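Everything on this sheet refers to the single structure shown next.
The values are calculated or read from the model by the stated rules, or taken from the named source; none is laboratory data. As the structure is a prediction and not an experimental result, all values here were calculated from the model. Glycine gets a Cβ as well: all are built from the backbone with ideal geometry, and neighbour counts include every protein chain shown.
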Amino acid sequence: MLLQTESSAVSGLDQNKPKKTEAPSQQTNENVQHRAQPIRLSVADMASNAWEFLFRGQNRTPDIPLPHTPVALSYFMNLAGGQLNVTWLGHSSLMINIGGYRILVDPVFEKRISLIGPTRFNGSVPLDIDDVPQVDAVVISHDHYDHLNKFSVEQLRPKTSKFIVPLGVGDLIKKWGVPRQKIIELDWWQEFHFDTQLMFAATPAQHFSGRGLMDRNERLWSSWVIKTPCHRLFFSGDSGYFEGFKQIGETYGPFDMTFIECGAYNKAWAQVHLFPEKTVQAHLDLKGKVLHPIHWGTFNLAMHSWYEPMERLLAEAKARQIGIAIPMVGETTRYGELLPVAMWWREAIEQKTETKKENS
Ligand SMILES: [Zn+2]
């Protein structure tokens, strides 16, 4: 027996070939709704999920606070052209310096993602939002609380002239006080040319949206391509595995770096989140050079152990021989230099094992 749940995934792609336009979209919410497809879960699946969530799922949070590095702002502030450096702020929040342009992606500068939401594994945000300098653009993938944070948008409002968001998200941040002239709202496959050197493209993702029970799939969700003459980046937002990765790779690849989600997976959520092995497959589909995993190691949002995503991803990356960057929260990855590959999270696992031994 199949039941339709309240959650919805999306069909992923329009069958049409990508159509690139430079103007922000005028299309309405209907455009978003038609991409929605119900997730169907059997009663058995739902019962087993509820059981897992309530009674099982060991090690979902670390026993000791995870380490983090204070952000060295000098990398982000550097105005030199031709460079690419990226600072991981935890979960899916990134500070990107691409050719001297400063971009924030899915910035969440709060300890908790919502009033009752989970807190950070590493205690605090690695950079105070007051210390964030002026930025060229803030990019948002979708309206879920762990990607779109009201406090951060309000604080960043005077620090940028551009919020680049998927269709429908503009109305929400306008309500939070962002002036309409600062908002660039794009449909999938639409591009925004910041100037002659820097381009953003909203690209498809297989996910869903909504911040409450009444706004399900009212706003679009997307992945993003960011491109300069020297470098190309892909940011997944949240997405299940779908053929869109190949299409994006063919249209905008190859990518110097891909930032792809690898945590918060579950059999029942396979349509809307990636298993770590699929993260690696998506990176290959996209024709990526260096994979920087995101959406892990920060908040307890799923039923797997907190470290499982990276252990599985590492094994797959090794088997498929791909380059990866696995910084600590707050650490900066400088493209073209030595990539961060230290397995810093294993100390937290080992420390727990040691404590157990001592107590037994
Ligand atoms: Zn999401």
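Per-residue answers, yes or no, for (1) at pLDDT below 95; (2) part of a strand (DSSP E or B); (3) not hydrophobic (A, V, I, L, M, F, W, C):
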| position | (1), (2), (3) |
| --- | --- |
| Asn300 | yes, no, yes |
| Trp306 | yes, no, no |
| Pro309 | yes, no, yes |
| Glu316 | no, no, yes |
| Ile326 | no, no, no |
| Met343 | yes, no, no |
Q.
Please go through segment 245-272 and give me each residue that is part of a loop (DSSP other than H, G, I, E, B), of a type outside the set (A, V, I, L, M) and in contact (Cβ under 8 Å) with a residue 40 or more places away in the chain, ordered by number.
A. Cys262, Gly263, Tyr265, Asn266, Gln271
Q. Can you name the condition, by its number, that Ile116 falls short on among (1) farther than 18 Å from Arg232 by Cβ; (2) within 16 Å of the ligand (Cβ to nearest atom); (3) out of contact with any Ser or Thr (no Cβ under 7 Å at 6 or more places or on another chain)?
A. (2)
Q. Does segment 267-275 include one or more residues that are closer than 22 Å to Pro126 by Cα and either surrounded by fewer than 18 Cβ atoms within 10 Å (Cβ to Cβ) or not charged (D, E, K, R) (or both)?
A. no
Q.
I'd like the residue in segment 187-217 that is among the small types (Gly, Ala, Ser) and within 18 Å of the chain's Cα centre (by Cα) and, out of all such residues, is nearest to the ligand (Cβ to nearest atom).
A. Ser209
Q. More than 15 Å from Leu148 (Cα to Cα), within 16 Å of the ligand (Cβ to nearest atom) and touching a residue at least 60 places away in the same chain (Cβ under 8 Å), is that true of Phe242?
A. yes
Q: For segment 311-322, indicate whether the set of residues that are under 15 Å from the mean Cα position of the chain (by Cα), within 27 Å of Tyr252 (Cα to Cα), crowded, with 19+ Cβ neighbours inside 10 Å and not β-branched (Val, Ile, Thr) is non-empty.
A: no
(Q) Need the failing condition index for Val132 against (1) of a type in the set (Val, Ile, Thr); (2) away from the ligand (no atom under 16 Å from the Cβ); (3) within 17 Å of the chain's Cα centre (by Cα), just the number. (A) (3)
Q) In this structure, is Thr258 hydroxyl-bearing (Ser, Thr, Tyr), under 13 Å from the mean Cα position of the chain (by Cα) and on the phi < 0 side of the Ramachandran plot? A) yes
**Q.** Complete set of residues in segment 104-128 that are within 14 Å of the chain's Cα centre (by Cα) and farther than 17 Å from Gly297 by Cα
**A.** Leu104, Val105
Q: Can you give me the number of residues within segment 152-197 that are farther than 20 Å from Ser222 by Cβ and of a type in the set (A, V, I, L, M)?
A: 0
Q: Considering only residues that are touching a Lys or Arg at 6+ places or on another chain (Cβ under 8 Å) and of a type in the set (Gly, Ala, Ser), look in segment 247-300 and name the one that is nearest to the ligand (Cβ to nearest atom).
A: Gly249
Q.
List the residue pairs whose Cβ atoms are under 9 Å apart, where the first residue sits in segment 146-160 and is of a type in the set (Ser, Thr, Tyr), the second is within 16 Å of the ligand (Cβ to nearest atom), and the two are 6 or more positions apart or on different chains.
A. Ser152/Ser93; Ser152/Pro107; Ser152/Val108
Q: Please give the number of the condition Arg232 fails out of (1) surrounded by fewer than 22 Cβ atoms within 10 Å (Cβ to Cβ); (2) more than 15 Å from the ligand (Cβ to nearest atom); (3) among the basic types (Lys, Arg).
A: (1)
Q.
When the residues of segment 209-227 are narrowed to those that are more than 16 Å from Lys287 (Cβ to Cβ), crowded, with 22+ Cβ neighbours inside 10 Å and out of contact with any His (no Cβ under 6 Å at 6 or more places or on another chain), which ends up modelled with the lowest pLDDT?
A. Asn217
